[in-house]
Amino acid sequence: MNAVFAPVVTFVLSNTPPPEFNPDTVTPGPWGFFAIFFVAAVTLLLGMDLARRIRRTNYRADMQERLQAEVAERDAAAAAAAAPAADAEKKPTENL
């Protein structure tokens, strides 16, 4: 496969014109700095927003679990309180 691409690469590299500028003196300038600063700032803000949303989701899941546990505890206490009352109603009929 390299034998096929070697002549093509050699041709492209040999016909590439030399650069018309000094590559050592080219800098992005102030616009390049502002562009990179903008991208960094947006990335930081998106990361902070992501962390806030994940934290909120975790809090909601914790609160949902707590509410379910409280409802289960309340239902168990109501069932335990209703059971002796039901037994008290049945005992007089059993004694007859």
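Brief remarks follow.
- Taking a ≥ b ≥ c as the square roots of the eigenvalues of the alpha carbon gyration tensor, region 1-74 is oblate, as a/c is not under 1.5 and a/b does not beat b/c.
- At q = 0.19 Å⁻¹, base-10 log of I(q)/I(0) for region 30-73 (Debye sum, equal scatterers on each alpha carbon): -0.66
- Extension gain for Phe34 to Leu46 (0.36 nm times residue separation, less C-alpha to C-alpha distance): 2.5 nm.
Only the coordinates and a few stated rules stand behind these numbers; no lab work does. Worth saying up front: this structure is predicted, and the values here are computed from it rather than measured.
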